[in-house]
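Trainee: Encoded as structure tokens, here's the structure I'll be asking about.
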Amino acid sequence: MQDFITRHTSSKELKTIAGNVFSGQRISCEEGILLFEKADIGFLGCLADYICEKQNGKQVFFNKNIHIEPTNICINKCRFCSYSREKGQNGGWEMSEKEMLEKVKTLPGDITEIHIVGGIHPDRKMDFYTSLLSKVKALKPHACIKAFTAPEIDYMIVHSNMSLQEGIAELKKSGLEMVPGGGAEIFDESLRAEICPEKINAQRWLEIHEMLHKNGIQTNATILYGHKETYAQRIDHLNRLRLLQDKTSGFNAFIPLKFKNQNNPMQHIKEVSIIEDIKMYAVARIFLDNVPHIKAYWPAVGKEFAQLSLSFGVDDLDGTINNSTKIYSMAGAKDTDPSMTEEEMRELIIQAGKEPVQRDSYYKIIKRY
Ligand code: V47
Ligand code: SF4
């Protein structure tokens, strides 16, 4: 493969990057930008797949999970969001605790992860969520509760007059075991202020994840890409995550989230091409040398792209979902009822020349196929 790469490109700079990657060295921010600007997808795929297989062999992970979206009522008005509504506005929903517990009661016994994320509801504070967590845990003690983005955690803690440490300890005591990567968007301060001005800032997002890691709660991280950001802003985002991961090792997976442009105030921005998507996934795999997994969230990118991404650094396909999320279908994703059977997931991975592995939330292997 190293010979192939050397022959494939005439660029001296790209050859140097490839050499460094093959000898296990970290690439710099300047080199990350260069990969976006100059490398073609053949070159990126070679490097990303090499790193991916070095870390995980041919294994591609997925779990059996469901999402609960408690509400889409939100105090924020992120410009890219197609999902949120104001209180009383048409199209808003609020699930009561009882309704959510009814849903949990009917879950199949083999679900290993319950993902709970919604809007930031003005009336729901710490007490509401700790009660929900402890009751969900009591009903499904063997399922991992992965819940609440950093902006949701910030709101419930600040509005319950707790310190960050106190709030996280309270959530953990109630059953919170893992935190998803949402709310990161783009860390660059000026662009963040433009696309999600009300949301917690980048520093606070990173501070919350650092504190979660210190409390033994592993998390994921995301980037919202393909809107107005530059390559330098993407790399700045990845670099802030890489620096935090050097300190804490608390991130499990990184998930690039492609901006979808339907039904939101940024709908005038054209969605980027599949080539740009491939580049984002591959460069993330190459740059984030300390993050174990790169995840393609298939309800957002579609099953076909998710399969293709397995040759470009992705080793995790999230889960079977059971038609339990609306965020992406409301923003224009193809799959309006996202659901994948275990069999379908297995086939999709085998066809890509990889080995399907059903995992739990901590990447412990449940089943090989
Ligand atoms: O933070 C909202 C994104 C995120 C749009 O950690 C949009 O396992 C694209 O983070 N186009 C929430 N993206 C979802 C999320 C997530 C999903 C699945 C798994 C995990 C995990 C995390 O959705 C938000 C925002 O970045 N988002 N609107 C849109 N129009
Ligand atoms: Fe609210 Fe999240 Fe939508 Fe922003 S992205 S408006 S925080 S639901």
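The values are calculated or read from the model by the stated rules, or taken from the named source; none is laboratory data. Computed from a prediction, not measured in an experiment: that's the story for all the values here. Virtual Cβ from ideal backbone geometry, glycine too; neighbours counted across all protein chains shown. Calculation scope for accessible area: heavy atoms of the full protein, side chains included, ligands and nucleic acids excluded. Shrake-Rupley method; radii C 1.70, N 1.55, O 1.52, S 1.80 Å.
Trainee: Taking Cβ-Cβ under 4.7 Å as the only way to count a partner, pick out the unpartnered cysteines of the chain.
Mentor: Cys29, Cys46, Cys52, Cys74, Cys144
Trainee: Find how much the distance from Asn215 to Ile269 grows on full extension, using 0.36 nm per residue of separation minus their present alpha carbon separation; answer in nm with one decimal.
Mentor: 15.5 nm
Trainee: With springs only between Cα atoms under 10 Å apart, run a GNM on the chain and tell me which of Ser134, Ser311, Ser96 wobbles the most.
Mentor: Result: Ser96 has the largest fluctuation of those listed.
Trainee: Please work out the average accessible area per residue across the range 72-130, using the 1.4 Å probe convention, and give it in Å².
Mentor: 48
Trainee: Let me ask something else. Note down the relative contact order for the range 201-328 as a percent, whole number, built from C-alpha pairs under 8 angstrom at least six residues apart.
Mentor: So the answer I get is 24 percent.
Trainee: Which residues make up the longest stretch of the chain clear of trypsin sites (Lys or Arg not before Pro) that lie in a DSSP loop with no more than 11 other Cβ atoms within 10 Å, not counting the sites?
Mentor: Counting at most 11 other Cβ atoms within 10 Å as exposed, the longest clean stretch of the chain is 1-269.
Trainee: As a test of the formula, what do you get for the chain when each DSSP H run with n ≥ 4 contributes -39,500 (n - 2.57) and the sum is divided by the residue count, at 222 nm and rounded to the nearest 500 deg cm²/dmol?
Mentor: -13000 deg cm²/dmol, from helical runs alone.
Trainee: Still on this structure, I have one more. What are the ³J(HN,Hα) values, in whole Hz, obtained from phi via the Karplus relation 6.51 cos²θ - 1.76 cosθ + 1.60 with θ = phi - 60°, for each residue of the range 138-145 in sequence order, with x given for Gly and Pro?
Mentor: Taking θ as phi minus 60°, the curve returns 5, 6, 10, x, 8, 8, 7, 9 Hz for the range 138-145.
Trainee: Hey, in the GNM for the chain with a 10 angstrom Cα cutoff, which one of Met162, Met330, Met280 fluctuates hardest?
Mentor: Among Met162, Met330, Met280, the largest mean-square fluctuation in the Gaussian network model of the chain belongs to Met162.
Trainee: Give the relative contact order (percent, whole number) for the range 1-52; include only Cα pairs under 8 Å separated by 6+ residues.
Mentor: Contact order relative to length: 38 percent.
Trainee: While we're looking at this one, here's another question. Roughly speaking, to the nearest percent, how much of the chain's 1.4 Å accessible area is carbon and sulfur?
Mentor: So the carbon and sulfur contribution to the accessible surface is 51 percent.
Trainee: Further question: In terms of modelled amide H atoms, which long-range or inter-chain residues lie less than 5 Å from the amide H of Thr149?
Mentor: Gly118
Trainee: For His159 and Arg26, compute 0.36 nm times the residue count separating them, minus their Cα-Cα distance, and round to one decimal in nm.
Mentor: The span from His159 to Arg26 would gain 43.8 nm if fully extended.
Trainee: Output the antiparallel fraction of DSSP beta bridges having both residues in the chain, as a percent to the nearest 5.
Mentor: DSSP beta bridges in the chain are roughly 15 percent antiparallel.
Trainee: Something else about it: Along the charge dipole of the chain, which of Met345, Tyr281, Ile73 sits closest to the positive end, that is, farthest toward it, with unit charges on the beta carbon of Lys, Arg, Asp and Glu (+1, +1, -1, -1)?
Mentor: Met345
Trainee: Identify which of Ile153, Ile275, Ile217 has the largest mean-square fluctuation in a Gaussian network model of the chain, with springs joining Cα atoms closer than 10 Å.
Mentor: Per the Cα network of the chain with a 10 Å cutoff, Ile275 tops the list.
Trainee: So what are the ³J(HN,Hα) numbers for the range 7-22, from phi and the Karplus equation (6.51, -1.76, 1.60; θ = phi - 60°), rounded to whole Hz, Gly and Pro as x?
Mentor: For the range 7-22, the Karplus curve yields 6, 5, 10, 9, 6, 5, 5, 5, 5, 5, 4, 4, x, 5, 5, 5 Hz.
Trainee: Contour minus end-to-end for Lys367 and Lys38, with contour as 0.36 nm per residue of separation and end-to-end as the Cα-Cα distance?
Mentor: Extra length from Lys367 to Lys38 when fully extended: 114.4 nm.
Trainee: Quick check: convex hull of the Cα atoms in the chain, volume per residue, rounded to a whole Å³?
Mentor: For the chain, the hull spanned by Cα atoms encloses 126 Å³ per residue.
Trainee: Let me ask another. When only Cα pairs under 8 Å and 6 or more residues apart are kept, what is the percent relative contact order across the chain?
Mentor: The normalised contact order for the chain reaches 22 percent.
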